[in-house]
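The values are calculated or read from the model by the stated rules, or taken from the named source; none is laboratory data. All of these numbers come straight from a predicted model, not from anything done at the bench. Note that we place each Cβ from the backbone using ideal geometry, even for glycine, and neighbour counts take in every protein chain shown. Ligands, DNA and RNA are stripped out before the accessible areas are found, and what is left, the full protein with its side chains, is counted by its heavy atoms. Shrake-Rupley method; radii C 1.70, N 1.55, O 1.52, S 1.80 Å.
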Amino acid sequence: MSLSPSPETKLTAERIGMVFKRDGNSTNVLRDINLTVGRGEFLCVLGPSGCGKSTLLNTMAGFLSPTSGEIRIDGEAVRGPDPRRIFVFQERGVFPWLTVEGNIGFGLFKLSRAEREQRIAHYVQLVGLEGFQKAYPAELSGGMKQRLEVARALAVNPDMLFLDEPFGALDSITRLTMRRELLRIWEAEKNTIIFVTHDIDEAVQLADRVAVMSDRPATIQQIVEIDIAHPRDIGSARYLELRHGIFDQLGLAHKV
Amino acid sequence: MSLLVRLRPVAFVAALLVIWQVAVSLSPVHILPGPWEVVGGIVDLIQHGLLLKYVVASLFRVTWGFTLAAVLAIPAGLTIGWYGRAEMALNPIVQILRPISPLAWIPIAILWFGVGDLASIFLIFVGCFFPLVLTAINAVQSVPAVYVNAGRNFGLSPAALVYRVLYPAVIPQLLVGLRITLGVAWLVVVAAEMIAVNSGLGFLIVDARNAGNRYDLVVAGMVIIGLIGLLLDLGMRSLEKVKSLRWSYSEE
């Protein structure tokens, strides 16, 4: 696996600014964000809660239009959500009225029945939900719902995934398992992943590069390259060095 | 043990009937017919072929008034709730019309439709329409944005978004609203029939009193109304148990 960002560019964000206006007050959320993401890259956007990293992800996915600047994916300006790029919410995003199979098959309405069933079976197995095909989300644990949502996203073969603190609601053991699962899936499917988190360890364990956000109005303060091959030894000197470096960066920005 | 538990409500009703019968027979003045007289009244109605005729007449009006209201109010409410601007424009009108009792519409119903089925169907319609509009508005506004965003993300057309995301998301709340509203319709039909028509269970009650103070028939009519109301409610509740509709109830 390449350690540096792929030479081929997947996404560019140019001078992205975002101002929310509500009741006559305007809040400056994003300011002058410039970012380039390589094809097949795993990028973590790291910052404290409420700093605007979720807003940035929503503009990349096309759910919000930036007040200024432009986001381009594969050279085309983003105008709205697109099935080639799937946004994974925390496990809140699965449809409670559909079974596991129904959820995974949700985006496969253009396929023939046979193809759809084959695809569903494949992703049920990939995320380890065998035996729960007919179960409703209310019958699943938080971790299973999260895997279900990832499976639903992967089933449509997206070339990009946007993940918004996807493991935030899970207990710490499940979270570790899910990180390992996500890396396994990413290595198999080779999608470009943009992963938003407020957890430094999560970012350093997963990403090729970590974009550290400043406080509001958020801008990218530093991009840290994580030059450790997977599977990463989280006790290694290099890991701790990178982790401490980012910690200092955040401390400088947010004065914990 | 479970048989005993199941028999408990039956035993309780039986005890109440006994107390009713005893109280009536001990009372020096005739304040109420006893249960036996009421049973006699019901038998009387069956023998004259009136019971079925009146029940059918009342259910006919409720079915039409309720169905018309549901068919018009639910799409209207969903649309109003979906488009914020429509809600701002229409909300004041709905809020003013809603607290007006459907019974206040009786004179206008008779003016427009005369004495007959149409007037009472109209009254039931009015009684059901506004609560259903509000239920539908609330239902669509409480759909979490993540569901709509996820639907859009997978490239659903607007029609598919309504059919595959909005509709299943609002159905549980709509079912609760429909159940409550059907109860309202059943209340309104009795009142409407007391004034606007000459058949049905409401008419039976007024007619029995006017035509010779047949209080056994009055109470018989009340008992039948109660029983049918219970059956309607049980019918709507059984819809809520359908597995694919049950998701919002099982998730606590």
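For the range A:95-157, just run the numbers: alpha carbon Rg, then divide by 2.2 N^0.38 Å, N being how many residues it has.
Compared with the compact-globule rule of thumb, the range A:95-157 sits at 0.98.
Starting from the eigenvalues of the Cα gyration tensor, five times each then square-rooted, give me the equivalent ellipsoid semi-axes of the range A:118-256, largest first, whole Å.
The three semi-axes for the range A:118-256 are 30, 16, 15 Å.
If one puts a single equal scatterer on every Cα of the range B:142-183 and applies the Debye formula without solvent, what log₁₀ I(q)/I(0) results at q = 0.31 Å⁻¹?
Rounded to two decimals, the profile gives -1.00.
At a threshold of 8 angstrom on Cα-Cα distance, excluding pairs fewer than six apart, so keeping six or more, what relative contact order does the range A:95-157 reach in percent?
Computed value for the range A:95-157: 51 percent relative contact order.
Please compute the contact order of the range B:71-172 in relative form: average sequence separation of alpha-carbon pairs under 8 Å and at least six residues apart, divided by the residue count, as a percent.
The value is 36 percent.
Which sequence of B:Tyr147, B:Tyr163, B:Tyr83 reflects their accessible areas, 1.4 Å probe, from the largest down?
Ranking B:Tyr147, B:Tyr163, B:Tyr83 by accessible area, largest first, yields B:Tyr163, B:Tyr83, B:Tyr147.
First measure r as the distance between the Cβ atoms of B:Ala145 and A:Asp233, then evaluate 1/(1 + (r/R0)^6) with R0 = 35 Å and state the FRET efficiency to the nearest 0.05.
0.30
Pick out, from B:Val165, B:Val242, B:Phe122, the residue whose Cα sits farthest towards the positive end of the charge dipole of the range B:34-250, with +1 on the Cβ of Lys and Arg and -1 on the Cβ of Asp and Glu.
The residue sitting farthest along the positive end of the dipole is B:Val165.
Calculate how large, on average over all directions, the projected area of the Cα convex hull of the protein assembly as shown is; give the answer in nm² to one decimal.
Reported value for the Cα convex hull: 34.3 nm².
Please work out the average accessible area per residue across the protein assembly as shown, using the 1.4 Å probe convention, and give it in Å².
Roughly 50 Å² per residue, with all protein chains present.
Can you give me the span-like helices of chain B, meaning DSSP H runs with 24 Å or more of Cα extent along the axis and Kyte-Doolittle mean at or above -0.5?
B:2-26, B:50-82, B:117-141, B:167-195, B:215-240
Simple spin-label model, 7 Å along Cα-to-Cβ: A:Thr12 to B:Val206 in nm?
7.9
Per-residue mean of other chain beta-carbon atoms within 10 angstrom of the beta-carbon, peptide B:10-22?
0
If one takes the longest principal axis of the Cα atoms in chain A, at what angle in degrees, from 0 to 90 and to the nearest 10, does the Cα axis of helix A:172-189 lie?
Compared with the principal axis, the helix lies near 80 degrees.
Residues with beta-carbon under 15 Å from that of A:Ile194, excluding A:Ile194: net charge, scoring Lys, Arg +1 and Asp, Glu -1?
-1
Quick check on packing: order A:164-172, A:57-65 by the mean number of other C-beta atoms within 10 Å, highest mean leading.
A:57-65, A:164-172
How high is the relative contact order of chain A, given as a whole-number percent (alpha carbon pairs under 8 Å, six or more residues apart)?
26 percent.
Would you tell me the mean number of C-beta atoms belonging to other protein chains that fall within 10 Å of each C-beta in A:107-113, as a whole number?
2
To the nearest 20 debye, what charge dipole does the protein assembly as shown have about its Cα centre, counting +1 at the Cβ of each Lys and Arg and -1 at the Cβ of each Asp and Glu?
Using only the charged Cβ atoms, the result is roughly 600 debye.
Go ahead and estimate [θ] at 222 nm for the protein assembly as shown from helices alone: -39,500 (n - 2.57) per DSSP H run with n ≥ 4, summed, over the residue count, rounded to 500.
Here the helix-only value at 222 nm equals -18500 deg cm²/dmol.
If you add up the charges near B:Ala208, with Lys and Arg at +1 and Asp and Glu at -1, over every other residue whose beta carbon is less than 13 angstrom from its beta carbon, what do you get?
For residues surrounding B:Ala208, the net value is -3.
Identify, among B:Ala196, B:Ala70, B:Leu59, the residue whose Cα sits farthest towards the positive end of the charge dipole of the range B:34-250, taking +1 on the Cβ of Lys and Arg and -1 on the Cβ of Asp and Glu, with the dipole about the Cα centre.
Value computed over the given set: B:Ala70.
All other residues with a Cβ under 15 Å from the Cβ of B:Val223 taken together, and with Lys, Arg as +1 and Asp, Glu as -1, what is their net charge?
The answer is -2.
Please average, across the residues of B:139-152, the number of beta carbons from any other chain that are within 10 Å of each residue's own beta carbon, and give a whole number.
4
FRET efficiency for A:Gln125 and A:Leu176, Cβ-Cβ distance as r, R0 = 25 Å, nearest 0.05?
0.70
Quick check for me: using +1 on Lys/Arg Cβ and -1 on Asp/Glu Cβ, what's the dipole size of the range B:34-250 about its Cα centre, in debye to the nearest 20?
Roughly 780 debye for the range B:34-250.
If R₀ is 25 angstrom, what is the calculated FRET efficiency for the pair B:His30 and B:Leu50, using the beta carbon separation as r and rounding to 0.05?
Calculated transfer efficiency: 0.60.
State whether chain B is rounded, prolate or oblate according to the following rule on the C-alpha gyration tensor (a ≥ b ≥ c being the square roots of its eigenvalues): a/c under 1.5 gives rounded; otherwise a/b larger than b/c gives prolate, and the remaining case gives oblate.
Note, shape of chain B comes out oblate.
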